[in-house]
Each structure stands twice: as C-alpha cells, then as structure tokens.
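Visitor: Sharing a structure, written as structure tokens. Questions coming.
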Amino acid sequence: MKAVRFGRFGGPEVLEIVDLPEPHAGAGEVRVAVRAAGVNPSDWKKRRGLMDPELPQTLGYEAAGVVDELGEGVSDVAVGDRVFGFSTGGAAQAEFAVLAYYAPVPPSLGFAEAAAIPAALETATRALDQLGVGSGATLLVNGASGSVGSAAVQLAVARGARVIGTAGPANHEYLRELGAEAVAYGEGMAGRVRALAPDGVDLALDVAGSGVLPELVQLAGGAENVLTVADFAGSQEHGVRFSRGDAGRAVHALGEVGALVEAGRFALPVARTFPLADVADAHRAGESGGARGKLVLVVG
Ligand SMILES: NC(=O)c1ccc[n+]([C@@H]2O[C@H](COP(=O)([O-])OP(=O)(O)OC[C@H]3O[C@@H](n4cnc5c(N)ncnc54)[C@H](OP(=O)(O)O)[C@@H]3O)[C@@H](O)[C@H]2O)c1
C-alpha cells in the first residue's frame, strides 16, 4: 500500500510516497481503507527532527475511512462502516490504517471533515479536562482561532463556560460565531482581557505557544490555573502544566462529539484538501500559516 514516509530530516522535499506492507488490526482495533487523513503541526515538527529521533518515520495521527478488517473482540462496528479515529503507531497517511480508538463518523460529515476532528478534539478535551473547565468558569484561550483552539472554544462553551479567546483580527468574527469574546493577541493583550474581565479569568489555556505564560498566570491568579499544549520551555520556566497525549489521551471525546456535531454545536473547518501524493504541498501550506482550518489529505 502507498504511505507517507521520510527517511531523513529536512524540508518538505524529504517526504516520500512509499510502498509499505498492509497493516492488520490487532485485538480491539479496526483496519480502515483510509479516505482522508488529517495533517497537523506536529507532522512538520517530526519531519524537521524536533520530536522523535528514529528514522524512517511514517506520519498521521488521525483518519476517517471505511472499516475493512475487524480485530479480535470488536463488535461495536462492522465491515463497511464509516469510522474516524486515531491510528496505531502514527501511520494514518496511507491507503490502509489500523485505528486503536474509533467512533462512527457523524452522519452529516464527509470523510475529510471527519478526519479533521480527532487530534484537535482530543487535545482540546484533554486540556479542558485537566484544567477542570466546567459550567460558570471564565476561560481564556490563547490561540483560539486555530484547530485546537477553536475546538477548545466550542467544547468549553458546550460545558457552560464563558470563553475569551485571542486571535488575529481577521478571526474575531469567527470566534464570536463560536460563542467566544474575541481579543487581539500581541502587545497589550492582558489589558484587553481585563477590559472584558476586570477580576481576571478563572482558567487559561495556551494553544499558541506564543510566550505569554507570565501574562496568563497573572490573569488566572496562579500557575495552577494555566495549562499549555504548545510551550514546553515556557511551562518549565513558569511552573505551568504542559499537557501531552502520550501521558493519557482523552479518547472518550470521539464517541461524544457526534451529538454536538449533529446539534450544530461543533465543527472544524477544512481549509484545504490535498491528494496523498501532494503531502509536501500540504506541509508547505501549513508551515506558511494563515489558513483557517485543517489541512487534510484525501486518499483514493
Ligand atoms: N501537546 C499536545 O498534545 C498537542 C496536540 C496537538 C497540537 N499541539 C500543538 O498546538 C499548537 C496549535 O495546533 P493547531 O493544530 O491548533 O494549529 P493551527 O490550526 O495552525 O493554529 C495556529 C493558531 O495560532 C494562532 N496564532 C499565531 N500567532 C499567535 C500569537 N502570537 N498569539 C496567539 N495566537 C496566535 C493563529 O491565529 P490567527 O490565525 O488568528 O492569527 C492560528 O489560529 C501547535 O503548536 C501544535 O503542535 C499540541
């Protein structure tokens, strides 16, 4: 089967489409014929050699497709079902992928829209769970217009929180549509948040990794009320929790999001789709920034 892989670290040109043996579903897993697979910032961090040291590496956390093989003990889906979820071993950008965690694709979504959801949804849910965001809390999301940020905004609003989000000016109306109050990031951000919340916020989530953890700690009244998914060095320096998926993923979110999607309360826009063979162009588009929404590879 065709799959995305790189055998050395570097720019988008190191990405190759190679032939790999088809994977098979282990106990509790399903194999899908992949129809779409999401592209994430960690893909280019891995490709540049900033994450895992081993080579070669395959890519792809998330996929949507049609079940074509059931692992031992799987009875909640059948061959032919449309599912989306997380790939075993980070190899979803391929013609076939094994999913360890999966759920039915919400009926109103196509494959590309579904493949855009799992990683951002899981990260946002994990962050809100770890922060303890619930009804009545005021939450500040720094980097609220991106994939993880907009997922966090929508999920926090659904939990009954008041959400203030930072974004570039072009995305303020988008944040308001999601149910957040929008402020610009950059110089003076803390003052703009205080204009909306004079006593500060209860909790703050940093999704942008833009070096503002001291401001978030002040606004939220202590480092224990702040969490980042994108600023590891800052988290060490300022005593803020850093959340990463390998310490336990909030996979429960996959089975819960369908109801929100069908109620019109959760969506992640797909900015662009690319054929699998054009994965290098997807990286170029992602690394240059500015696109609102997910980049998705379509297969077949
Ligand atoms: N730790 C984990 O488990 C985990 C999991 C998934 C992702 N992540 C990390 O989370 C980060 C976000 O991922 P993503 O997929 O959501 O990225 P994305 O969709 O590309 O979003 C990036 C967002 O950052 C915003 N931004 C840029 N500069 C900013 C600034 N100075 N202040 C505030 N916001 C700013 C942009 O907003 P505008 O367009 O409005 O300017 C854009 O919406 C990445 O670093 C990724 O590696 C971590």
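The values are calculated or read from the model by the stated rules, or taken from the named source; none is laboratory data. Everything numeric in this text was worked out from a predicted model, so none of it was measured. Heads up, the Cβs are rebuilt from the backbone with ideal geometry, glycines too, and the neighbour counts pull from every protein chain shown.
Visitor: Mind listing whichever residues of the range 254-275 are away from the ligand (no atom under 13 Å from the Cβ) and touching an Asp or Glu at 6+ places or on another chain (Cβ under 8 Å)?
Guide: Going residue by residue through the range 254-275, those that are away from the ligand (no atom under 13 Å from the Cβ) are 254-267, 273-275.
Residues satisfying the conditions are L254, A267, F274.
Visitor: Here's another thing I want to ask about it. Just wondering, is there one or more residues in the range 14-29 that are touching a Leu at 6+ places or on another chain (Cβ under 9 Å) and within 22 Å of G289 (Cα to Cα)?
Guide: Initially, the range 14-29 is screened for residues touching a Leu at 6+ places or on another chain (Cβ under 9 Å), giving 15, 17, 25, 29.
With the extra rule that they be within 22 Å of G289 (Cα to Cα), the set shrinks to 15.
Yes; the residues of the range 14-29 include at least one that is touching a Leu at 6+ places or on another chain (Cβ under 9 Å) and within 22 Å of G289 (Cα to Cα).
Visitor: Where residues in the range 116-133 are part of a loop (DSSP other than H, G, I, E, B) and more than 11 Å from the ligand (Cβ to nearest atom), which of them is surrounded by the most Cβ atoms within 10 Å (Cβ to Cβ)? Break it down into steps so the answer makes sense when it comes.
Guide: As a first pass, look at the range 116-133 and keep what is part of a loop (DSSP other than H, G, I, E, B): 116-117, 132-133.
Among the residues that remain, those that are also more than 11 Å from the ligand (Cβ to nearest atom) are: 117, 132-133.
Working: I117: 30, G132: 11, V133: 25.
Here the answer is I117.
For (1) assigned to a helix (DSSP H, G or I); (2) farther than 26 Å from S42 by Cβ; (3) more than 21 Å from the chain's Cα centre (by Cα), each residue gets a yes or a no:
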| site | (1), (2), (3) |
| --- | --- |
| L155 | yes, no, no |
| G200 | no, yes, yes |
| P214 | yes, no, yes |
| E224 | yes, yes, yes |
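Visitor: Now, a different point. Quick test for you: out of G191, G234, pick the one residue that is farther than 18 Å from G293 by Cβ, assigned to a helix (DSSP H, G or I) and touching a Pro at 6+ places or on another chain (Cβ under 9 Å). Please lay out each step first, then the result.
Guide: Working: G191 fails: touching a Pro at 6+ places or on another chain (Cβ under 9 Å).
Sole residue among the options that is farther than 18 Å from G293 by Cβ, assigned to a helix (DSSP H, G or I) and touching a Pro at 6+ places or on another chain (Cβ under 9 Å): G234.
Visitor: Residue under question is L196, and the condition is that it be farther than 20 Å from P269 by Cα and surrounded by 16 or more Cβ atoms within 10 Å (Cβ to Cβ); does it hold?
Guide: Details: farther than 20 Å from P269 by Cα: yes; surrounded by 16 or more Cβ atoms within 10 Å (Cβ to Cβ): no.
So L196 does not fit the description; no.
Visitor: Quick check on my filter: what residues within the range 28-60 are under 17 Å from the mean Cα position of the chain (by Cα), assigned to a loop (DSSP other than H, G, I, E, B) and either modelled with pLDDT of 95 or more or farther than 23 Å from F232 by Cα (or both)?
Guide: Filtering the range 28-60 for residues under 17 Å from the mean Cα position of the chain (by Cα) gives 36-46, 51, 59-60.
Filter once more, keeping what is assigned to a loop (DSSP other than H, G, I, E, B): 40, 51, 59-60.
Matches in the range 28-60: N40, L59, G60.
Visitor: Would you pick out the residues in the range 2-32 that are in contact with a helix residue (DSSP H, G or I) (Cβ under 6 Å, 6 or more places away or on another chain) and more than 30 Å from D76 (Cβ to Cβ)?
Guide: If the condition is that a residue be in contact with a helix residue (DSSP H, G or I) (Cβ under 6 Å, 6 or more places away or on another chain) and more than 30 Å from D76 (Cβ to Cβ), then F6, R8, P12, L15, I17 are the ones that fit.
Visitor: Still on this structure: Output the residues belonging to the range 1-27 that are surrounded by 13 or more Cβ atoms within 10 Å (Cβ to Cβ), among the small types (G, A, S) and either modelled with pLDDT under 95 or more than 15 Å from V299 (Cα to Cα) (or both).
Guide: Answer for the range 1-27, where residues must be surrounded by 13 or more Cβ atoms within 10 Å (Cβ to Cβ), among the small types (G, A, S) and either modelled with pLDDT under 95 or more than 15 Å from V299 (Cα to Cα) (or both): G11, A25, G26.
Visitor: Same structure, new question: From the list V251, V201, exactly one residue is surrounded by 15 or more Cβ atoms within 10 Å (Cβ to Cβ), farther than 24 Å from L175 by Cα and more than 12 Å from the ligand (Cβ to nearest atom). Which is it? Walk me through how you get there before you give the answer.
Guide: Numbers: V201 fails: farther than 24 Å from L175 by Cα.
When all the criteria are applied, what remains is V251.
Let's see how each residue does on (1) free of Cβ contacts under 8 Å to residues at least 12 places away in the same chain; (2) among the hydrophobic types (A, V, I, L, M, F, W, C); (3) under 24 Å from F242 (Cα atoms):
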{"residue": "T138", "(1), (2), (3)": "no, no, yes"}
{"residue": "S147", "(1), (2), (3)": "no, no, yes"}
{"residue": "R162", "(1), (2), (3)": "no, no, yes"}
{"residue": "H172", "(1), (2), (3)": "no, no, no"}
{"residue": "A180", "(1), (2), (3)": "no, yes, yes"}
